[in-house]
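A short worksheet on the structure shown next.
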Amino acid sequence: DSVTGIDVPSELYETGVELFHLRTLSERWKLMMILRPAVRSDFTTSDKAFRIFGLGLMIWDWIPDRLSASFGAVYLDRADIPALPAIGLICTPRPQTRIELQFPRSRILHRLSKRGSASETWSYFSAGIGGNTWAVTREVGGTDELSLKDIRVLFGLEKIVSGGGGWFFEAGFALNRKLEYERDNTEISLSDGVLISGGWAY
């Protein structure tokens, strides 16, 4: 929803599939890759609706099971932010605590419970860049690329199940929000907002 005078669709969608690959290269080096082709649009147009998210990371176990460093790149395929470097440190000072100091999103996690190797439940605080780009049809006519951009500060719960499944729920704030249209180079600043999201994977 928006105030009168801001031309935005009432609903936006993203549908796609995510491919994940993790390879051990040596005793201390790993390669991680994520590829997510998707359609992001208001489902009224296919013009520039197909987008590809990609992440490539080299991971070095600096201190095995305690500290690792990663570097690579993330391809967002957004009109406002096409790509970003992906660098960071992951510190595990004890089994119940993990600190992920990473760009473009960082988290501090605390493990609430563990059922052997079957599942783990974590709480976390996160901060990072949010938003995306969608293909839309404008009220004034024609198609365009709509980008929403913000800084997200979130608290969440996450359950990780052996084999890659699980669920998450998070809530927090979206700060420094902006709306951008590419065709006429329009940028509108929006007030801060509340975010609630959740998901399930299997």
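The values are calculated or read from the model by the stated rules, or taken from the named source; none is laboratory data. Just so we're clear, the structure is a prediction, and the values are computed from it rather than from any experiment. Quick reminder, even Gly has a Cβ in these numbers, built from the backbone with ideal geometry, and neighbours come from all protein chains shown. Remember, those area values only see protein heavy atoms, side chains included, never the ligands or the DNA or RNA. Shrake-Rupley method; radii C 1.70, N 1.55, O 1.52, S 1.80 Å.
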request  = Taking the Cα atoms of the stretch 1-53, report the difference between the largest and smallest coordinate on each principal axis, in whole Å and largest first.
outcome  = 59, 23, 13
inquiry  = On a straight-distance basis, which lysines could pair with Lys48 in a cross-link, Cα separation under 29 angstrom, same-chain partners fewer than 8 positions away excluded?
reply    = Lys149, Lys178
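Would you mind giving the three semi-axes, in whole Å and largest first, of the ellipsoid equivalent to the chain according to its Cα gyration tensor?
34, 19, 16
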ask   = When all alpha-carbon pairs of the stretch 159-202 are counted, what percent fall beyond 16 Å?
value = 60
remark   = SASA check, Ser26, accessible area w/ 1.4 Å probe, all protein chains in place, rounded to nearest 10 Å², comes out at 50
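Kindly state, as a whole number, the per residue volume in cubic angstrom of the convex hull around the alpha carbon atoms of the stretch 64-164.
Working: hull volume 13.7 nm³, N = 101.
Looking at the stretch 64-164, the number lands at 136 Å³ per residue.
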query = What net charge do the residues around Val153 carry, taking every other residue with its C-beta under 12 Å from that of Val153, with Lys and Arg at +1 and Asp and Glu at -1?
reply = 0
remark   = Contact order relative to length for the stretch 98-188, counting C-alpha pairs under 8 Å separated by 6 or more residues, stands in percent at 23
remark   = Projected convex hull area of the stretch 93-138, Cα atoms, direction-averaged, in nm², equals 5.5
query = What size of dipole, in debye to the nearest 20, comes out for the stretch 1-146 about its Cα centre when the only charges are +1 on Lys and Arg C-beta atoms and -1 on Asp and Glu C-beta atoms?
reply = 1040
